[in-house]
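Data first, discussion second: the structure below is written as structure tokens.
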Amino acid sequence: MLIGFSLAPTAVNMASSDWLLAIISLVVAIIVMTFGKGLFKLFPVMVGIFVSYIVAACLGKVDFTTIQNAPWFALPKNIAEYHLPSFKWQPFLCMLPIAFASIIEHVGDIYVIGNVAKKDFIKNPGLHRTLLGDGLAILAGAFVGGPPVTTYSEVTGAVQITRVTNPQVLRITAITAILFSVVGKLNAFLQSIPSAVLGGIMIILFGSIASVGMRSIVENKVNFEESRNIIIAGVMIVLGIGGAVINAGSVTLSGLALSCLVGILLNLLLPNKSVENF
């Protein structure tokens with residue numbers, strides 16, 4: 001729930017740049033999800049973006065100059081200008097709080113994907129293996145000059161919407177994305193998509209992430225008549241959405257990382273009456 005809620009302002013900010021385009025992409029995606037049949041129903045995000053992009057182009061809100069000037073083949077800048085990385089300790093200290101937030105997001109996304117796929121990924125392949133794979137992916141990306149990566153809750157939301165959970169399909173998608181990354185005109189085309197078009201899609205993606213969290217609470221029959229559960233959930237939600245920040249020297253905890261850490265501590269410290277009665 002917190003992952004979806006914390007990403008909500010990003011979606012709204014993107015959509016607010018042009019609400020007409022955002023509403024079109026959102027409504028089209030909802031229509032396809034609700035009334036689409038067969039293979040067509042698997043592409044609500046793509047259809048929403050495509051229709052809204054066409055409208056934006058007709059209204060003159062798309063700049064095609066970058067697409068015309070882009071070459072057909074172009075290596076990503078970080079690969080074309082690659083050099084061996086240098087090692088320094090200072091970035092490690094700055095990245096530690098962010099790494100903690102990424103770990104929390106990873107665990108949340110694994111639970112969400114497990115609920116969607118009706119499988120327990122915490123046991124098989126195991127959280128220790130999924131975290132290791134995530135860490136190795138981040139390390140590999142850093143060595144080739146890539147940006148920091150996470151499990152990306154946006155993609156988790158897309159899986160929730162399309163219900164496509166076959167690992168083979170996701171592997172093909174990853175390979176396709178790598179191949180497309182060297183097609184200069186395609187990259188220019190993606191960059192030409194107005195942020196409002198993506199903002200409309202993000203509203204439903206991030207909302208679906210929060211709704212899966214709510215579903216998990218319902219399915220696990222969490223008893224909110226117990227003050228313990230109300231305290232834990234309430235404090236986490238307020239800290240996560242309210243933007244609370246704690247500075248401890250060079251280490252800063254905020255947002256998702258702070259709320260989850262506080263939630264873990266409260267869960268350990270507050271007495272559990274149901275367990276005591278048992």
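The values are calculated or read from the model by the stated rules, or taken from the named source; none is laboratory data. Since this is a predicted model, take the numbers as computed values, not measurements. Backbone-built Cβ (ideal geometry, glycine too); neighbour counts: all protein chains shown.
In segment 182-212, the residue that is surrounded by the fewest Cβ atoms within 10 Å (Cβ to Cβ) out of those that are of a type in the set (S, T, N, Q) and under 23 Å from ILE54 (Cα atoms) is GLN191. When each of LEU186, LEU198 is tested for being out of contact with any Gly (no Cβ under 9 Å at 6 or more places or on another chain), in the same structural domain as LEU20 (by TED's automatic domain parsing), free of Cβ contacts under 8 Å to residues at least 24 places away in the same chain and not basic (Lys, Arg), the lone residue that passes is LEU186. Checking every residue in segment 231-254 against the condition of being within 30 Å of LEU21 (Cα to Cα), surrounded by 18 or more Cβ atoms within 10 Å (Cβ to Cβ) and under 22 Å from the mean Cα position of the chain (by Cα) gives at least one match.
For segment 162-177, state whether one or more residues are within 22 Å of ILE30 (Cα to Cα), charged (D, E, K, R) and not in a loop (DSSP other than H, G, I, E, B). No, that holds for no residue.
Can you name the residue in segment 213-230 that is assigned to a loop (DSSP other than H, G, I, E, B) and in contact (Cβ under 8 Å) with a residue 12 or more places away in the chain and is also surrounded by the fewest Cβ atoms within 10 Å (Cβ to Cβ) among such residues? Taking the candidates together, the pick is ASN223. Of TRP89, TRP72, which residue is within 30 Å of SER259 (Cα to Cα) and exposed (fewer than 13 other Cβ atoms within 10 Å of the Cβ)? TRP89 is the lone residue from the list that is within 30 Å of SER259 (Cα to Cα) and exposed (fewer than 13 other Cβ atoms within 10 Å of the Cβ).
Looking only at segment 181-212, filter to residues that are in a helix (DSSP H, G or I) and of a type in the set (Ser, Thr, Tyr); which one of those is nearest to ILE24 (Cα to Cα)? Taking the candidates together, the pick is SER195.
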